[in-house]
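Data block below; observations after.
The values are calculated or read from the model by the stated rules, or taken from the named source; none is laboratory data. Quick caveat, the model's predicted, so the values are computed rather than measured. A quick note on method: Cβ atoms are made from the backbone with ideal geometry, for glycine too, and the neighbour counts reach across all protein chains shown. The accessibility values were calculated without ligands, DNA or RNA, using every heavy atom of the protein model including side chains. Shrake-Rupley method; radii C 1.70, N 1.55, O 1.52, S 1.80 Å.
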Amino acid sequence: DNTVKIWQWNHQTNQYEYFRTFYGHTGRVRAVVFSNDGKLIASGSVDKTVRVWNVETGKCQKILQGHTAQVNSVSFSEDNQFIVSCSGDCTVKIWEIRANKCQTLAGNTSWVLSVAYIPHSNYSIVSASDDGTLRLWQRVNLQDYQEQILLENSTSIWSIACSIDGKL
C-alpha cells in the first residue's frame, strides 16, 4: 500500500498498538530506518525516492531524489546529519540532509542491496551487492571516499549490519 506504519509498545497491556501511518510514496516501500535519536524515519521505495519523516507529526520533511531505480536500503549516520541509500541503479548515495546535497559512490556492477554507516568510523560506509561484493567506503575528507572490496562472493550479499561499537 506504499505506506510506512509504526506501532508502539504499551507497557501496561504488554501489546503493540498502532501509532501512525506515513503516506507519500508512490511505489512499494522496501526499506525503513529510525534516526538514532528516534525523531526521524527514513524510507526508501520502488518509486526511486528516499523520504524523511517526522515521527511526532507524521509529516514528510524531505524527498530525496536522485536514484534511477528502486531504493533497497537506507541508514542514518550516527549524528543523524546524513542518510546513505543504495539502489538497483548500482549506486550508493550519501545525502546531507540539511544542505540538500547528494554524493554518489559508484563501483558496483549490479544492484546494491544493503548499506550501513559504521559507528565510530568518521562516516565510513559498508555496502553489499548483487554482484557478490562487500565494499568499504572510507571517508578520506569532506568530499572523498576510498573504496575497498572486503569480500568477493560468488552469490549476492543481501543484507549487512554493523555492531553498535563499529567493531563487527
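Remark: relative contact order (the range 14-168) = 13 percent; criterion is Cα-Cα distance under 8 angstrom and separation of 6 or more residues. Considering only 52, 32, 140, the mean-square fluctuation computed in a Gaussian network model of the chain, springs between alpha carbons under 10 angstrom, is largest for 140. Projecting the Cα atoms of 114, 141, 99 onto the charge dipole of the chain (Cβ charges, centred on the Cα centre) puts 99 farthest toward the positive pole. Peptide packing: for 68-77, 157-166, the average count of neighbouring Cβ atoms within 10 Å per residue gives the ranking 68-77, 157-166, highest mean first. Take every Cα pair under 8 Å whose residues are at least 6 apart in sequence, average their separation, divide by the length of the range 12-89, and the relative contact order is 25 percent.
Taking all protein chains as they are arranged and a probe of 1.4 Å, the heavy atoms of residue 145 leave approximately 40 Å² accessible to solvent. Look at the dipole of the chain built from charges on Cβ: of 125, 34, 151, the Cα furthest out on the positive end belongs to 34. Given +1 at the Cβ of Lys and Arg, -1 at the Cβ of Asp and Glu and no other charges, the dipole of the chain around its Cα centre is 440 debye to the nearest 20.
Using the Karplus curve 6.51 cos²θ - 1.76 cosθ + 1.60 with θ = phi - 60°, what ³J(HN,Hα) values do you get for each residue of the range 21-28, in whole Hz, with x for Gly and Pro? Karplus-based 3J(HN,Hα) across the range 21-28 equals 10, 9, 10, x, 5, 9, x, 4 Hz.
Out of these labelled values of semi-axes √(5λ) of the Cα gyration tensor in Å, (1) 27, 24, 15; (2) 27, 17, 16; (3) 38, 24, 16, which was calculated from the coordinates shown here? Of the labelled values, this structure produces (2).
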